[in-house]
Amino acid sequence: AQADAISELEAVYRTQGVSQFSASSGEALWKRDFLDSKSAETRNCGSCHGADLARAGKHNTTGKTIEPMARSVNPERYSDTRKIEKWFLRNCKWTLGRECSAQEKGDVLAYLKSL
């Protein structure tokens, strides 16, 4: 089921004009620092998910535990397309200050699939 949810989303992103996904571009986006205009602090995906994606992270604001992102240790995370899209929407807005593009989401999924 996990591969099917990711494949479904990749197919959707392709209908939005994306032809290829890049794990290296996804990793670069994951690690890139973005400036939060309200707090003037920088954040990236690892701010909450941690540096080791095979381990649990901790939300920067709430302190809530975030289950590992690595598909190899948490395959159920990638079994529901609606949940994946929901978290992309929330996390992209919080981290990047905007919604992620189809290319960015596909690249991040390619990166996370590689773990």
Non-local Lys pairs in the chain, i.e. 8 or more apart or on different chains, that have alpha carbons under 19 Å apart: 18
Counting only protein heavy atoms and rolling a 1.4 Å probe, one gets per residue an accessible area for the range 1-89 in Å² of 65
Determine the share of the chain's accessible area contributed by carbon and sulfur atoms, expressed in whole percent, with a 1.4 angstrom probe. 47
Once every DSSP H run of n ≥ 4 in the chain is given -39500 (n - 2.57) and the sum is divided by its residues, what mean residue ellipticity at 222 nm do you get, rounded to the nearest 500 deg cm²/dmol? -14500 deg cm²/dmol
Charges on Cβ only, +1 for Lys and Arg, -1 for Asp and Glu, centred on the Cα centroid of the chain; of 87, 12, 103, which one is farthest towards the dipole's positive end? 87
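The values are calculated or read from the model by the stated rules, or taken from the named source; none is laboratory data. Quantities reported herein were computed from a predicted structural model and do not represent experimental measurements. Neighbour counts are summed over all protein chains in view; Cβ atoms, including those assigned to glycine, are modelled from backbone coordinates with ideal geometry. Ligands, DNA and RNA are stripped out before the accessible areas are found, and what is left, the full protein with its side chains, is counted by its heavy atoms. Shrake-Rupley method; radii C 1.70, N 1.55, O 1.52, S 1.80 Å.
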